[in-house]
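To start, the structure under review is shown below, and the notes come after it.
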Amino acid sequence: MTPSQASPPAGAFDPPPYSPNAHLDSFRHTVEITFGPESLESSISGSISGDFQAPDRFTCSEQFSFGGLAFTGDKVVVIGNEAWMDTGGGWSATTIDDPAVLDAIDSCAAWPVFWEDFGVVTFQDVEGQADERNGVPAVRYDLKEVLDVLEGLPLRISGSDQLSLIEEFTLWTADEDQWMLALALDFAGDAEDFAELMDTDVFDTNEGDQFKMTMSAEIFDLNNPDIRVSPPSP
């Protein structure tokens, strides 16, 4: 089966200057998320990882764990405006504008649109600290104290009640050209507040339960010539 030709969403492969896709020939990526109420013995943990090869090839694979059990989520391969997706029953060909594909790559750090949620073009006036991340000279921005003046906040957070849930919000950019290298984001607060923030309540929580969520993203193994992204085998 050959995917039909379709135009990707606007900006999909015209990456903004703060996206690592605009500066690197290849990289590996991972996003890790852990969340759950303190009253539960086990939180839900998930990771989305894969490879990127310029200009427009990347993979994303999901892994989850809960209660000591591990689960494999969706797998996606994107090459230009073609896409292949495996939801557990084998690979099927589709296109980048398939809603199921867009949903699966929403939290994939190889997808340039991922970085738009973090408002990385809005904090040029925030003072950063010289640092190093994954072997790259970097600038570290601790943004928790200035969230109320930033635009394009992560997860589309807005309002003082939601902003108060953030305990840490740190971004690392490459010292040269200011493209994104990593982020760390921690939330803590009442479970009810999180249910409203995330527009879901996946836990059976009690009034007053405390909820925590940590999220991190990393770009690493930069410009590795061994990274190649090809269509999946049938």
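Just going by the charge dipole of the range 20-110, with Lys and Arg at +1 and Asp and Glu at -1 on Cβ, which of ALA109, GLY50, THR34 is farthest out on the positive end?
GLY50
What are the extents of the Cα atoms of the range 56-106 along their three principal axes, in Å, largest first?
Here the spans come out as 38, 20, 17 Å, largest first.
The numbers here are math on the coordinates, done by the rules we state, and not lab data. Just so you know, these numbers come straight off a predicted model, no measurement behind them. When we count neighbours, we look across all protein chains shown, and the Cβ atoms used for this are built from the backbone with ideal geometry, even at glycine.
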